[in-house]
Ligand code: 6IA
């Protein structure tokens, strides 16, 4: 079977506090499949978002990648409008969706994510914790089970 294509979502203009954690998660996800959105973990990416690409181009490219993906994995500890939007679009496309939340962030997860039974919410401590549950989710091909 070909390598699964993983769309990783994480806050950019919502704030880059967790950028280092995104990079660690992306490194773990690469053990499972091809990560289409590796730039989300890039250290040089700032929340001001200076880039050669226009917002139109970013939106168009990201929506194309989202449509091509086999699974969407979102780090949701730092709230982000863009990530929330991607989650809603992923659900509408019928993609399996894993939402990774760190209780140690001290935040409360939005009820729109935590209360959505189409999403698999994984509360984790270390980036290495997420690999096996995501592998299982991909193997099951399921959208159904609400939690890992
Ligand atoms: O609202 P936010 O900016 O926090 O939304 C973050 C989400 O939207 C991420 O999961 C990305 O998939 C997507 N996204 C938002 N901005 C960009 C972007 N900007 N490039 C790619 N995906 C983006 C370019 C910034 C520039 C410094 C290179």
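The values are calculated or read from the model by the stated rules, or taken from the named source; none is laboratory data. Just so it is clear, the structure is predicted and the values come from calculations on it, not from any experiment. Glycine gets a Cβ as well: all are built from the backbone with ideal geometry, and neighbour counts include every protein chain shown.
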Item checked: Count - residues of the stretch 45-64 that are within 24 Å of residue 28 (Cα to Cα) and within 10 Å of the ligand (Cβ to nearest atom) -> 6
Check: Given the structure, is residue 25 more than 7 Å from the ligand (Cβ to nearest atom), under 20 Å from residue 129 (Cβ atoms), assigned to a helix (DSSP H, G or I) and at pLDDT 95 or above?
Finding: yes
Next item on the list: Scan the stretch 90-104 for residues that are surrounded by 15 or more Cβ atoms within 10 Å (Cβ to Cβ) and assigned to a helix (DSSP H, G or I) and jot them down.
Entry: 90, 91
Check: From 19, 67, 74, 9, which residue is more than 9 Å from the ligand (Cβ to nearest atom) and surrounded by 15 or more Cβ atoms within 10 Å (Cβ to Cβ)?
Finding: 19
